[in-house]
Amino acid sequence: MECTYEDRNRNHACCYDGGDNRGNRLRERAWNGYYKAKYQNCHGTDGRANSGAGKILEVEPATDPSVKKMSEAEMIVAVRSGMGKMQPYKNTLTDAQIKAPVDYLQTLVK
């Protein structure tokens, strides 16, 4: 059975490794889906923003203090509305398509 973003919001069992920890399946789906399609070019495979586009656009890496202090809500607003040289995605991505990669990026921030 496939686990969807909506399942995760309902605390679906396959989305968690137990307790309140996010499951590997959720991270894998975010990576294979929207992160890889929309974010990887600038933020890189590991969130370090060391890709060609990331360097040209001067994207802050996930480990940068300014990124680390951002809440999930702030990251979502940044994706929706754009930030710095990043275009806004509010008209091209759904809330689920924005939230899943933000969840993945947050795992890289720690």
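The values are calculated or read from the model by the stated rules, or taken from the named source; none is laboratory data. As the structure is a prediction and not an experimental result, all values here were calculated from the model. Here Cβ is always computed from backbone atoms with ideal geometry, including for glycine, and neighbour counts include all displayed protein chains.
Quick notes on this structure:
- Condition check for THR92 on (1) at pLDDT 90 or above; (2) outside any helix (DSSP H, G or I); (3) exposed (fewer than 13 other Cβ atoms within 10 Å of the Cβ): one failure, at (1).
- The single condition among (1) surrounded by 15 or more Cβ atoms within 10 Å (Cβ to Cβ); (2) under 19 Å from ALA37 (Cα atoms) that MET70 does not meet is (2).
- When the stretch 95-110 is limited to residues that are in contact with an Asp or Glu (Cβ under 8 Å, 6 or more places away or on another chain) and closer than 16 Å to CYS42 by Cβ, the one that is surrounded by the fewest Cβ atoms within 10 Å (Cβ to Cβ) turns out to be LEU108.
- Among the residues of the stretch 43-66, those that are among the hydrophobic types (A, V, I, L, M, F, W, C) and either modelled with pLDDT of 90 or more or exposed (fewer than 15 other Cβ atoms within 10 Å of the Cβ) (or both) comprise ALA49, ALA53, ILE56, LEU57, VAL59.
- Just one of (1) among the aliphatic types (A, V, I, L, M); (2) modelled with pLDDT of 90 or more; (3) part of a helix (DSSP H, G or I) fails for MET70. It is (3).
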